[in-house]
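These notes concern the structure reproduced below.
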């Protein structure tokens, strides 16, 4: 058996989940058996087991291949990996003749056509990508029984028999002063959420609002605006203080998951439950969030609105500027080519 080991990066849980989705077709294309092995270089791993499993992926999901859980990775491979860990910007490498390792996101030029390059900055996945990803998710991303039991119980008690609008609000790093990535910075504008919800309520006036957010103030805003319509899963959220902290390798992460690994592992469970509940809503209102985009990948028929208007406009302007620059360069190159041709003719 040739293994394709997917290693962790210092990012949020749903960025890790999207990484796995991207790697599944790559491992199949290469004829390798995929194994997810997420440990201490992300916030969610705990030295002791969580929910009787030892690695982050299997805290919440079954192994990609039933016959090859993370615990089946040979000890010598684990030892070699501890000494020679992949770098996220690199595609990966052969750890030994039977083991390929990588923690790349999947959008490297060398991987074009092999992976599912899921957008993570400005754009949301298009219809074709959502359809393809949904098939992979249905086959490979199997939540553990304790997760589905909690999802079903919450749905039956709070959501069944009524239309529910899903609202996913990414706060924390989106509202932090230390966040300098353009596609994240200032991506949370709560008034945009209010406007989009009000539009949805015009056509579905009896709808409830399921709010999934990592920021308590955002939940309070929605509750103040829409009162008893709002329902939310009981999960840990950022309450006060600096919203962004640093993960194990120094990457920006929500502060509340960087301070306590046990809390982070539990919060990962809560986030997976919220994600699955959002897939059962009648539509999704969101900002730039990997969790929200994974919901779209899971349910390709789900209508959605991205409230990240300001930066979407900025992205459009940047795209136009890039196209203008590209046209200018092409014209300049044509002029150079024409001039060279004329010089050869003259000679």
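The values are calculated or read from the model by the stated rules, or taken from the named source; none is laboratory data. What you see is a predicted model, and the numbers here were worked out from it, not measured in a lab. Cβ sites come from the backbone with ideal geometry, for glycine too, and all protein chains shown count toward neighbours.
Please determine whether any residue of the stretch 5-19 is in contact with a helix residue (DSSP H, G or I) (Cβ under 6 Å, 6 or more places away or on another chain) and within 15 Å of residue 92 (Cβ to Cβ).
Yes, some residue in the stretch 5-19 is in contact with a helix residue (DSSP H, G or I) (Cβ under 6 Å, 6 or more places away or on another chain) and within 15 Å of residue 92 (Cβ to Cβ).
Condition (residue is farther than 30 Å from residue 231 by Cβ and either in contact with a helix residue (DSSP H, G or I) (Cβ under 7 Å, 6 or more places away or on another chain) or not assigned by TED's automatic domain parsing to the domain that holds residue 51 (or both)) applied to the stretch 142-154: is it met by at least one residue?
no
For the stretch 55-83, what are the residues that are within 24 Å of residue 105 (Cβ to Cβ) and assigned to a loop (DSSP other than H, G, I, E, B)?
Residues of the stretch 55-83 within 24 Å of residue 105 (Cβ to Cβ): 55-65, 68-70, 73, 77-78, 80-83.
Answer for the stretch 55-83, where residues must be within 24 Å of residue 105 (Cβ to Cβ) and assigned to a loop (DSSP other than H, G, I, E, B): 55, 62, 63, 64, 65, 68, 69, 73.
Check the stretch 26-46 and report whether any residue there is part of a helix (DSSP H, G or I) and touching a strand residue (DSSP E or B) at 6+ places or on another chain (Cβ under 6 Å).
yes
Looking at the stretch 63-80, which of the residues that are farther than 16 Å from residue 23 by Cβ and under 26 Å from the mean Cα position of the chain (by Cα) is surrounded by the fewest Cβ atoms within 10 Å (Cβ to Cβ)?
Among those that are farther than 16 Å from residue 23 by Cβ and under 26 Å from the mean Cα position of the chain (by Cα), it is 66.
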